1. At a 10 angstrom cut-off on C-beta neighbours, averaged per residue, how do the peptides B:35-41, A:42-48 rank from highest to lowest?
2. Shielding by partners for A:96-109, please: the mean number of other protein chain Cβ atoms within 10 Å of each residue's Cβ.
3. Return the long-range amide H neighbours of B:Leu96 (sequence gap of 5 or more, or a different chain), with a cut-off of under 5 Å between placed amide H atoms.
4. Accessible area per residue of region A:3-107 at 1.4 Å probe, in Å²?
5. Starting from the amide H of B:Ser86, placed 1.01 Å from N in the peptide plane, find each other amide H under 5 Å away whose residue is 5 or more places distant or on another chain.
6. Size of region A:3-107 along its principal axes in angstrom, Cα-based, largest extent first?
7. Please compute the average number of Cβ atoms from other chains found within 10 Å of each residue's Cβ in peptide B:43-54.
8. Springs between alpha-carbon pairs under 10 angstrom, Gaussian network model over chain B: which of B:Ala105, B:Ala72, B:Ala87 fluctuates most?
Amino acid sequence: AQSVSQHNHHVILSEAASLELGCNYSYGGTVNLFWYVQYPGQHLQLLLKYFSGDPLVKGIKGFEAEFIKSKFSFNLRKPSVQWSDTAEYFCAVMNNNAGNMLTFGGGTRLMVKP
Amino acid sequence: DTAVSQTPKYLVTQMGNDKSIKCEQNLGHDTMYWYKQDSKKFLKIMFSYNNKELIINETVPNRFSPKSPDKAHLNLHINSLELGDSAVYFCASSLLVGGARNTEAFFGQGTRLTVV
């Protein structure tokens, strides 16, 4: 069975600070990896995704993530956060052998202080 | 145009009632899902249907019964609602045909169910 863990449950940053959110997964096969963002009271939106190729992927709103296969990690980064980045962030692994279902990490609540 | 739409957005009901949440996607996807997000924001798969056939059924009480009349719709019916069913339910869809692997899931707006 696959699992996803996000180490930071709550992160508080000031505007312009750099962000890195950790994500580790356990799954023996080929993985597709995702980061989703959920703004307060809203639905899940895709930030970025990794399927294959360049392990450094760039997403929307200045976010990027690096897939490190040897560490089973897919950490999310942003060099300079904004107040509008306040949201819940979810890392997810897609199991291609199980109907493309997603297994989510527990989420990280990011609060950016203006 | 909304890609994955759920109705209703909010649902408040009493314990013991039966309720349904509807989901429709206009993306031409062949696979649809229901996820549950609890009060701690934890997201977990409940069901998945591929071309109207159930392919994933996680450990969910049998009071929950998904129904897929066609591949563009996946409804969730809940019988005898309990307080613990209060959560946000998200519908999603993706494309599996041809063994598509490089595909993402698109989520609906969510239905916030409150059982009182």
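The values are calculated or read from the model by the stated rules, or taken from the named source; none is laboratory data. Computed from a predicted structure; not experimentally measured. In this analysis, Cβ positions are derived from the backbone assuming ideal geometry, glycine residues included, and neighbour counts consider all displayed protein chains. Accessible surface areas use protein heavy atoms only, side chains included; no ligands, DNA or RNA. Shrake-Rupley method; radii C 1.70, N 1.55, O 1.52, S 1.80 Å.
1. A:42-48, B:35-41
2. Counting other chains' Cβ atoms within 10 Å and averaging over A:96-109 gives 6.
3. Under 5 Å from the amide H of B:Leu96 lie the amide H atoms of B:Asp30, B:Thr31, each far enough along the sequence or on another chain.
4. 43 Å²
5. B:Val115
6. 40, 28, 22
7. Across the residues of B:43-54, the mean count of other-chain Cβ atoms within 10 Å is 3.
8. B:Ala105
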